[in-house]
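The values are calculated or read from the model by the stated rules, or taken from the named source; none is laboratory data. Being a predicted model, the structure only gives us computed values, none of them experimental. Backbone-built Cβ (ideal geometry, glycine too); neighbour counts: all protein chains shown.
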């Protein structure tokens, strides 16, 4: 017999993601899903972001990697609640892993939750984790051709961070090419040039985060 | 790259559905996959054959149907079909697309055999 169904295969993930989002909204927490290739500076960005948000905006991090607890240890040194999620063979985080990670966090006292996804420019784009905003990073050393090569990730971004921007003078990185490629995919996301090393642009990133949380809290009240 | 986790989710749903219909064997599974999922069909077929091992769906055929990308412009509400590498709205020129199709993985149909069917001459 033939059974006709029209059922979303990702519905189990999407339902858990929606529950995560509601749980976080109850405590006025803004969740940011950070996505990029490995080595583009996600952890380093958080190391400079979290102390700068200070005691006014306490943060926690869920960090996904295939192996090791190195990132959580690094972030732990920045005096933040950081929980490592090891995905084993998994190339992306899913909503159930985030739900499990949330159990270990004291959500009531937090303003921001950063979810540092597994370094990968393909698979994380397909999985809703229950975040409110998606931040996509592209580091200057990766090269100016990456936006066109991974269009889906950049199309879905709410903000795009060009990281390690202090290296732009020493590498052949065509900024105009990147901006032109982004303009065909996403004219909604602001593009923020940052360097965690020199501190350039971090103030703009912090202002963007604060504005997103303010808007979110206002819609809930 | 996430074909294996997609395959496992498809098989879970198919096996559950087969159980509800008292199926003894699954012969064919049809899924529609959005182009934005960046799924490699051959990789999904391979992952599906691994994920179905020792289940009712072992040996089943997997048919993959492509789902085109459709978007609604957040700026002017125009509905259009963007290419995967260009989301510019043909009406207003902005790339402010809300994706309404092309990002889904949908189980469309399952062909299975039930005990009664197996007993038919």
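Take region A:54-63 and flag every residue that is in contact with a helix residue (DSSP H, G or I) (Cβ under 7 Å, 6 or more places away or on another chain) and buried (at least 20 other Cβ atoms within 10 Å of the Cβ).
A:59, A:61, A:62, A:63
Kindly indicate which of A:49, A:55 is free of Cβ contacts under 8 Å to residues at least 24 places away in the same chain, more than 14 Å from every other protein chain (Cβ to nearest Cβ) and more than 23 Å from residue A:12 (Cβ to Cβ).
From the options A:49, A:55, the qualifying one is A:55.
Given the conditions (1) part of a strand (DSSP E or B); (2) at pLDDT 90 or above; (3) in contact with a helix residue (DSSP H, G or I) (Cβ under 6 Å, 6 or more places away or on another chain), and given that residue A:82 satisfies all but one, which numbered condition is not satisfied?
Of the numbered conditions (1) part of a strand (DSSP E or B); (2) at pLDDT 90 or above; (3) in contact with a helix residue (DSSP H, G or I) (Cβ under 6 Å, 6 or more places away or on another chain), the odd one out for residue A:82 is (2).
For region B:1-111, which fully contained strands (runs of 3 or more DSSP E) count at least 3 residues that are within 30 Å of residue A:190 (Cβ to Cβ) and within 10 Å of chain A (Cβ to nearest Cβ)?
Result: B:97-101.
Which one of these is buried (at least 19 other Cβ atoms within 10 Å of the Cβ) and more than 10 Å from every other protein chain (Cβ to nearest Cβ): A:116, A:100?
After ruling out the rest, the residue left standing is A:116.
Out of A:11, A:42, I need the residue that is touching a helix residue (DSSP H, G or I) at 6+ places or on another chain (Cβ under 9 Å) and surrounded by fewer than 17 Cβ atoms within 10 Å (Cβ to Cβ). Which one?
A:11
Against the definition (over 21 Å from residue A:9 (Cβ atoms) and either buried (at least 16 other Cβ atoms within 10 Å of the Cβ) or touching a strand residue (DSSP E or B) at 6+ places or on another chain (Cβ under 8 Å) (or both)), how does residue B:37 come out, yes or no?
no
Can you confirm whether residue A:75 is in contact with a strand residue (DSSP E or B) (Cβ under 8 Å, 6 or more places away or on another chain), more than 14 Å from chain B (Cβ to nearest Cβ), crowded, with 20+ Cβ neighbours inside 10 Å and modelled with pLDDT of 95 or more?
no
Condition first: out of contact with any helix residue (DSSP H, G or I) (no Cβ under 9 Å at 6 or more places or on another chain) and either modelled with pLDDT under 95 or surrounded by 18 or more Cβ atoms within 10 Å (Cβ to Cβ) (or both). Now tell me which residues in region B:16-31 satisfy that.
B:16, B:17, B:18, B:19, B:20, B:21, B:30
Surrounded by fewer than 19 Cβ atoms within 10 Å (Cβ to Cβ), within 14 Å of chain B (Cβ to nearest Cβ), touching a residue at least 24 places away in the same chain (Cβ under 8 Å) and in contact with a strand residue (DSSP E or B) (Cβ under 9 Å, 6 or more places away or on another chain): which single residue out of A:158, A:145 fits that description?
The conditions single out A:158.
Identify all residues within region A:169-194 that are in contact with a helix residue (DSSP H, G or I) (Cβ under 7 Å, 6 or more places away or on another chain) and under 28 Å from residue A:211 (Cα atoms); write none if there are none.
Matches in region A:169-194: A:178, A:181, A:182, A:185, A:186, A:190, A:191, A:192, A:193, A:194.
What number goes with the only condition from (1) in contact with a helix residue (DSSP H, G or I) (Cβ under 9 Å, 6 or more places away or on another chain); (2) exposed (fewer than 15 other Cβ atoms within 10 Å of the Cβ) that residue B:53 does not pass?
Single failed check for residue B:53: (1).
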